[in-house]
1. When you check Leu217 against the structure, is it surrounded by 18 or more Cβ atoms within 10 Å (Cβ to Cβ), of a type outside the set (Lys, Arg) and in contact (Cβ under 8 Å) with a residue 24 or more places away in the chain, yes or no?
2. Can you find, within region 180-238, the residue that is nearest to Phe104 (Cα to Cα) among those that are assigned to a loop (DSSP other than H, G, I, E, B) and β-branched (Val, Ile, Thr)?
3. Does Ile143 count as modelled with pLDDT of 80 or more and under 23 Å from Val37 (Cβ atoms)?
4. Is region 8-28 home to any residue that is at pLDDT 70 or above and not aliphatic (A, V, I, L, M)?
5. Just checking, which of Ala206, Ala236 is loosely packed, with under 15 Cβ neighbours inside 10 Å, of a type in the set (A, V, I, L, M, F, W, C) and at negative phi?
6. Within the set of pairs 6+ apart or on separate chains, which have a first residue in region 251-264 that is under 15 Å from Leu286 (Cα atoms), a second that is of a type in the set (Lys, Arg) and surrounded by fewer than 17 Cβ atoms within 10 Å (Cβ to Cβ), and C-beta atoms under 6 Å apart?
7. Say whether the condition of being assigned by TED's automatic domain parsing to the domain that holds Pro123, farther than 24 Å from Ala97 by Cβ and among the β-branched types (Val, Ile, Thr) is met by at least one residue in region 195-209.
8. Report every pair of residues separated by at least 6 positions or lying on different chains whose Cβ atoms are under 6 Å apart, first residue within region 273-285 and assigned by TED's automatic domain parsing to the domain that holds Thr296 and within 13 Å of Pro239 (Cα to Cα), second at pLDDT below 90 and in a helix (DSSP H, G or I).
Amino acid sequence: MTSHQAHEHGSGGMEDLLHHRNTPLKRLWASLAITVVGMAIEIVGGLLTGSLALLSDAGHMFTHVFALGISAFAVRLASQPACHHRTFGLLRAEVLAAYTNAIFLFAVTAYIAYEGVVRLLNPVEIFTGEMLVVAAVGLVVNILSIILLHGHGKNISVRSAVAHMMADTLSSVAIIVGALVMARTGWRWIDPLLSIGIAGVILLWAWGLFRDSTRILMEVAPSHVNTDDVELFVSAEYPDIASLDRIRIWSITEDVVAFSSDVVLSDDKKSQRAAAAIVEELAAGLKARFHFTETTLELRLRE
């Protein structure tokens, strides 16, 4: 017969998990407004100059609008308090937003790469002076957006939007360099080649975002900890604990990690107060070492 004593330890109420969610909202909306203006300028500039690289960058900037919009919506949802049936609130909305952004980026990458190959086979005249000016405007827009969102990268939804911005900043720099080279050499093939390169950069960012959001949705343990790490830590630091059973580690969103386990003591003759103190100490140690947000431990007697 096994005896159970439930013990739960939390690092704070849901308010502690949610209070910072509203912080990036205003910055997200401001970045969205700037990006819409920059996208419109690049679309007009791409059509007037004949630059596929500019139009590709405008298409990428459209994904920013999509990313920023969905991220702002997700952060707004995630800031909602928990209730009787949403015990972690809507924190997973951030992960769903990041996953959606990644899928959308894959589609954009495929389209840009296709158009780049078509343009390589069928070059067109490009007005490099105007292309240079518009690319510079796009660069300024992206830099402003990154500055606005700087410091909020721990939120996976915001990080997905920043990933868009970083990729497009590199794209804008590449387009500026390409425009300068084309102005001196007349090599029109540089423009579609740049667009294919931009697609490759977008693909790299999208894959990282897809990987991280999928890990959370599949409830895989976060990359910084696994069950072996926890067991080694407990065996080295807590001699009163014989073992941990039924260990579970999962993420609600990127910065909210939950842990649960049965705790078996080496000496099951300890008083209830002494046993509870050991479990309390373990909960605090796990939080300090592995940064678990929610820890649930159940004290179980040895069979």
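The values are calculated or read from the model by the stated rules, or taken from the named source; none is laboratory data. Quick caveat: nothing in here was measured; it's all calculated off a predicted structure. So basically every Cβ, Gly included, is an ideal-geometry build from the backbone, and we count neighbours across all protein chains shown.
1. no
2. Of everything passing the filter in region 180-238, Val220 is nearest to Phe104 (Cα to Cα).
3. yes
4. Yes, the conditions are met somewhere in region 8-28.
5. Ala236
6. Once the first residue is under 15 Å from Leu286 (Cα atoms) and sits in region 251-264, its partners that are of a type in the set (Lys, Arg) and surrounded by fewer than 17 Cβ atoms within 10 Å (Cβ to Cβ) give Ser260/Arg248; Asp262/Arg246.
7. So far as region 195-209 goes, yes, one or more of its residues are assigned by TED's automatic domain parsing to the domain that holds Pro123, farther than 24 Å from Ala97 by Cβ and among the β-branched types (Val, Ile, Thr).
8. As it stands, the answer is none, since no pair meets every condition given.
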